[in-house]
Amino acid sequence: MFEAIDLSLVNWSRAQFALTAMYHWLFVPLTLGTTFIIAIMETIYVKTGKPEWKKMTKFWMTLFGINFAIGVATGLILEFEFGTNWSNYSWFVGDIFGAPLAIEGIMAFFMESTFIAVMFFGWNKVSKKFHLASSWLVAIGANLSALWILVANAWMQSPVGTTFNPETARNEMTSFWEVLFSPVAINKFLHTITSGFVLSAVFVIGVSAWFLLKKRHIVMARKSILVAAIFGIVSSLALIGTGDGSAKQVAKVQPMKLAAMEGLYNGYEGVDLIAVGAFKSTSEESNDAMKDFLFKIEIPNFLSFLAFGNWDAFVPGVNDLINGNPEKGIMSVHEKIDRGKIAIEKLTAYKEAKKNGDEVLSSSLVNELTSENFQEDYFRYLGYGHVNDTNFLIPNIPLVFYSFHVMVMLGFLFLLVFVLALWWVLRNKLDSKKWFLLIAIFTIPLAYLATELGWVVAEFGRQPWVIQDLMPTTTAVSQISAVSVQITFVLFAVIFTTLLIAEVGIMIKQIKIGPKDEGGTKS
Amino acid sequence: MIAAISYSLLQEYWWAIISLLGALLVFLMFVQGGQSLLYTIGKTELQRTMLVNTLGRKWEFTFTTLVTFGGAFFASFPLFYATSFGGAYWVWIAILFSFIIQAVSYEYRTKPANFLGTKVYEAFLFTNGLLGTILIGIAVGTFFNGAQFSLNEYNQVTWQTGARGLEAALNVHNVSLGLAVFFLTRVLALLYFNNSIDDEEISVRTKKHLLINTIPFLIFFLFFVVVLLLKNGFGYNPDTMEVTLEKYKYLHNLIEMPAVLILFLLGTLLVLFGIFNDLFRNPGKGIWFSGIGTVLVVLSLFFIAGYNNTCYYPSAFDLQSSLNIRNSSSSEFTLTVMSWVSLLVPFVIAYIWYAWKSINNKKIDKDEMDSASHKY
């Protein structure tokens, strides 16, 4: 069906998409959370009428605006790269994937872009309440846009509510609600936006800590920390809860990803959770070399409990998933590959029969191909039909393992920072804790690291699949030359990096300038 | 209600939505047109700041419309998305680049420590105004002149030229549409400046350049339309789906769809009346006439590209690979779901209009540039 294409092209296409996505995700999380923090501050201003809250709102709004523009630019590229670099994928899943993208545009982007203009330029032109409503609508719009793109991403991780149509050679949606409310989508959405909220809280606390260290804008800094710390604690708790939900879904629909996250090669009952660990060797390319740990600190039976809610549950390892484990009802990938190849052969036979005008054969084949049994037993494994080497089905385990563990540890560090910040700011002792203020500043880059690592876990952990079990990356790419993609990769890398340098420079300068007094100009 | 609509009607409905989004996008590209005029109309730093600020309050609408246009095309006609974007790689990449550099330029242009300097960001805005409009026009031109691709039985695209879509720029008819769009967006921008900026010098310069830009717009537009109506078109038989070249296809489409012909003529008259109004009557109101006219004309062009059994994305290499609204659309189920969502569109338009009116109730002037709490 799909010819496997030049690996160099596949890898460069993946690199370009990853580059765009990772740059995009440098800017989006701050937008997701600061819009809510700004809206909360403005609500306090409208309720109390105290001008310092307005000044504070405007200051964070300025930083938000600088960050927002570049997020929009990288987002546009991401949307169109589905077509430019992944055209086979675009057709194969456009019937499902396109709908959330279109709804995102209609429901979320217009809301965001319309009310952002009111938010920035409407201070003296609309009523206080209309302005406040606009700020809330920007926050809601930004997070709604996250909902739809994450629904689309979740479908790629867990393709539900769909059936394969042999006539059009693509997947077609059969239940919108299954796509929208799939447990993977719900957890992914909530986990992702709350990670953005946590990053934003870290950002606000870090910048405010700098003001406290410099003994400038002290009142604004304390109040900002108060708002951000409360917002951060609530978000962190939600982040932990949704992280747990996400892990349970991974255990269910992407067990290979879970095995990679925990470096688990051989499954057993009552699996321990590795809290901290390091592989013995990282020099060998083969995943087999990574079986042994240099050291690890484990929590007994905790992985079984987290994954399945049962302390003694069996958690499959990489070898169980590759070789199969009949005792536990796990099919081997060899069996899945055979089934995938049968699906492709039947589809090819159907297309040949149609081309040759053999109505009897094509009619009989289409009946077989569209039957529920064939869809469930064969098309479900369609992607495996393109796999020749079972090693291809194992993601980069060290990368996924370390990314996951560092992300989790950082998440708990941020919660600690929020709790301490709140504790000391409420007791009026924060200004004297210089060491803590320094830590708060240096936590900002760690928050960016954590949120990027989250995507590394999600996306590298599901390799080689662009759509779980249905389509590997090797068959999803556009048929263009690898050189073309190399050129655009370099162009994108240069322009994104240039704009990032500009963004960081402007941001630091605006922070140094600090909030403006009312009536002053800000340019 | 929507569930009772037939598949073919849903396909037509979604082509109408795509056409409307495309038409709104061309109108909103007055932002790009304005960016190409910054140094022509703004002779001082303050005047350029006024121009940038009046455009800057609208750039996100254009951007959002472009994103929604792309998303809606992906959702409703995914085979076009896969074929054109994956095939005409370099044209779309060039368009995307011109929009990346635009998005940050408004916000960063006058900010201290902006790394590249004000002039570079203004050059970015100009580049987007020039390339974005011309290339989008050329890309839409391929709706009538075809592109060099073929599709296999699995609907996988193979592009037949190494230029990967750039060859469209060698077609005079495509280029005439690109240039017509470029000058039209400049005309619309000048009308918009008249409507939104209160400055005597800018007003005088705007009037002068309105005439200067209207002439090439009319030349390129008329050339495009005359060639379009006289050329062969790509029709298909709805029963066999066989694609054939038909003489005067687009002229026939206009005649066979009189409502579209009326839209086209009315739109053209409104564009001209808007220009005439600002040149000779009551400067400031022309944008509304020309804006609505632009939407109607572009809408009618999309209609004759996709309706009446016409292939909207023809293959000049392999006729039978050509895309039409029947063979390239999403499934009936998906189109039905999205049609429910499309009922939100009037609500979206209503709040955009309300918000736009709320912050545009007074023209931008020098005083506002001095006192604004946030400006570009």
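Which one is farthest from A:L147 (Cα to Cα) among residues in segment A:116-132 that are in a helix (DSSP H, G or I) and at the interface with chain B (Cβ under 8 Å from one of its Cβ atoms)?
Looking at the filtered set, the residue picked out is A:F121.
Restricting attention to segment B:110-120, and to residues there that are among the aliphatic types (A, V, I, L, M) and in a loop (DSSP other than H, G, I, E, B), which single residue is farthest from the other protein chains (Cβ to nearest Cβ)?
Checking each candidate, the answer is B:L116.
Going by what's in this entry, would B:F73 be described as buried (at least 23 other Cβ atoms within 10 Å of the Cβ), at the interface with chain A (Cβ under 9 Å from one of its Cβ atoms) and within 17 Å of the chain's Cα centre (by Cα)?
yes
Among the candidates A:Q486, A:Q463, single out the residue that is under 26 Å from the mean Cα position of the chain (by Cα) and either modelled with pLDDT under 95 or basic (K, R) (or both). Working first, answer last.
Values: A:Q486 fails: either modelled with pLDDT under 95 or basic (K, R) (or both).
After ruling out the rest, the residue left standing is A:Q463.
For A:V485, all conditions in the list (1) outside any helix (DSSP H, G or I); (2) touching a helix residue (DSSP H, G or I) at 6+ places or on another chain (Cβ under 7 Å) hold save one; what is the number of the exception?
Single failed check for A:V485: (1).
A:L101 versus (1) over 23 Å from B:L344 (Cβ atoms); (2) at the interface with another protein chain (Cβ under 7 Å from one of its Cβ atoms); (3) part of a helix (DSSP H, G or I): which is the lone unmet condition?
Going through the list (1) over 23 Å from B:L344 (Cβ atoms); (2) at the interface with another protein chain (Cβ under 7 Å from one of its Cβ atoms); (3) part of a helix (DSSP H, G or I), A:L101 breaks only (1).
Could you tell me whether A:V184 is part of a helix (DSSP H, G or I), surrounded by 24 or more Cβ atoms within 10 Å (Cβ to Cβ) and among the hydrophobic types (A, V, I, L, M, F, W, C)?
Criteria met by A:V184.
If we only count helices (runs of 4 or more DSSP H) wholly inside segment B:15-103, which ones have 1 or more residues that are free of Cβ contacts under 8 Å to residues at least 40 places away in the same chain and not aliphatic (A, V, I, L, M)?
By residue number, B:45-56, B:59-76.
Look at segment B:1-14 and say how many of its residues are under 19 Å from B:F74 (Cβ atoms) and without any contact (Cβ under 8 Å) to a residue 40 or more places away in the chain.
Residues that pass the stated criteria total 0.
Can you spot a residue in segment A:440-450 that is at pLDDT 95 or above, of a type in the set (F, W, Y), touching a Ser or Thr at 6+ places or on another chain (Cβ under 9 Å) and surrounded by fewer than 21 Cβ atoms within 10 Å (Cβ to Cβ)?
no
State which residue is modelled with the highest pLDDT when the search covers only segment B:278-292 and only residues that are surrounded by fewer than 23 Cβ atoms within 10 Å (Cβ to Cβ) and of a type in the set (G, A, S). Step through it out loud before you land on a result.
Our first condition is that a residue be surrounded by fewer than 23 Cβ atoms within 10 Å (Cβ to Cβ); within segment B:278-292, this holds for B:279-285, B:288-289, B:291-292.
So of that shortlist, the ones also of a type in the set (G, A, S) come out as B:284, B:291.
Numbers: B:G284: 90, B:G291: 97.
This residue is B:G291.
What do you reckon, is A:E81 acidic (D, E), within 7 Å of another protein chain (Cβ to nearest Cβ) and either under 27 Å from B:L25 (Cβ atoms) or part of a helix (DSSP H, G or I) (or both)?
No: the conditions fail for A:E81.
Spot the failing condition for A:V477; the list is (1) of a type in the set (V, I, T); (2) in contact with a Ser or Thr (Cβ under 7 Å, 6 or more places away or on another chain); (3) within 17 Å of A:N153 (Cβ to Cβ), and only one is missed.
Evaluating A:V477 over (1) of a type in the set (V, I, T); (2) in contact with a Ser or Thr (Cβ under 7 Å, 6 or more places away or on another chain); (3) within 17 Å of A:N153 (Cβ to Cβ) leaves (3) as the failure.
From the list A:S135, A:S113, A:S200, A:S195, which one is within 10 Å of another protein chain (Cβ to nearest Cβ) and part of a helix (DSSP H, G or I)?
Exactly one residue qualifies, and that residue is A:S113.
Among the residues of segment A:142-158, are any within 14 Å of another protein chain (Cβ to nearest Cβ) and within 30 Å of B:M369 (Cα to Cα)?
Yes, some residue in segment A:142-158 is within 14 Å of another protein chain (Cβ to nearest Cβ) and within 30 Å of B:M369 (Cα to Cα).
Against the condition part of a loop (DSSP other than H, G, I, E, B) and either in contact (Cβ under 8 Å) with a residue 12 or more places away in the chain or closer than 30 Å to B:I202 by Cβ (or both), how does B:S290 come out, does it pass?
Against the criterion (part of a loop (DSSP other than H, G, I, E, B) and either in contact (Cβ under 8 Å) with a residue 12 or more places away in the chain or closer than 30 Å to B:I202 by Cβ (or both)), B:S290 does not qualify.
So is A:T475 within 14 Å of chain B (Cβ to nearest Cβ), β-branched (V, I, T) and touching a residue at least 12 places away in the same chain (Cβ under 8 Å) or not?
For A:T475, the condition - within 14 Å of chain B (Cβ to nearest Cβ), β-branched (V, I, T) and touching a residue at least 12 places away in the same chain (Cβ under 8 Å) - is met.
Scan A:T43, A:T48, A:T74, A:T114 and give me the residue that is of a type in the set (S, T, N, Q) and in contact with an Asp or Glu (Cβ under 9 Å, 6 or more places away or on another chain).
Only one candidate passes the filter, namely A:T114.
Could you identify the single residue in B:E107, B:E153 that is of a type in the set (D, E), surrounded by 19 or more Cβ atoms within 10 Å (Cβ to Cβ) and at the interface with another protein chain (Cβ under 7 Å from one of its Cβ atoms)? It would help to see each step written out before you state the result.
Numbers: B:E153 fails: surrounded by 19 or more Cβ atoms within 10 Å (Cβ to Cβ).
Being of a type in the set (D, E), surrounded by 19 or more Cβ atoms within 10 Å (Cβ to Cβ) and at the interface with another protein chain (Cβ under 7 Å from one of its Cβ atoms) holds for just one of B:E107, B:E153, which is B:E107.
So, in segment A:260-278, exactly how many residues are surrounded by 15 or more Cβ atoms within 10 Å (Cβ to Cβ) and farther than 21 Å from A:E459 by Cβ?
9
Can you confirm whether A:W86 is under 30 Å from B:S331 (Cβ atoms), more than 7 Å from chain B (Cβ to nearest Cβ), surrounded by 22 or more Cβ atoms within 10 Å (Cβ to Cβ) and among the hydrophobic types (A, V, I, L, M, F, W, C)?
Details: under 30 Å from B:S331 (Cβ atoms): yes; more than 7 Å from chain B (Cβ to nearest Cβ): yes; surrounded by 22 or more Cβ atoms within 10 Å (Cβ to Cβ): yes; among the hydrophobic types (A, V, I, L, M, F, W, C): yes.
The answer is yes for A:W86.
Checking the structure you have, find out if any residue of segment B:87-100 is touching a Phe, Trp or Tyr at 6+ places or on another chain (Cβ under 8 Å) and under 30 Å from B:L263 (Cα atoms).
Within segment B:87-100 (the criterion being touching a Phe, Trp or Tyr at 6+ places or on another chain (Cβ under 8 Å) and under 30 Å from B:L263 (Cα atoms)), the answer is yes, since at least one residue qualifies.
Within the bounds of segment A:44-64, is there any residue that is more than 14 Å from every other protein chain (Cβ to nearest Cβ) and under 18 Å from A:V202 (Cα atoms)?
No, segment A:44-64 has no match at all.
The values are calculated or read from the model by the stated rules, or taken from the named source; none is laboratory data. Predicted model, so just to flag it, every value in this text is computed and none were measured. All Cβ positions, glycine included, derive from the backbone under ideal geometry; neighbour counts span all protein chains shown.
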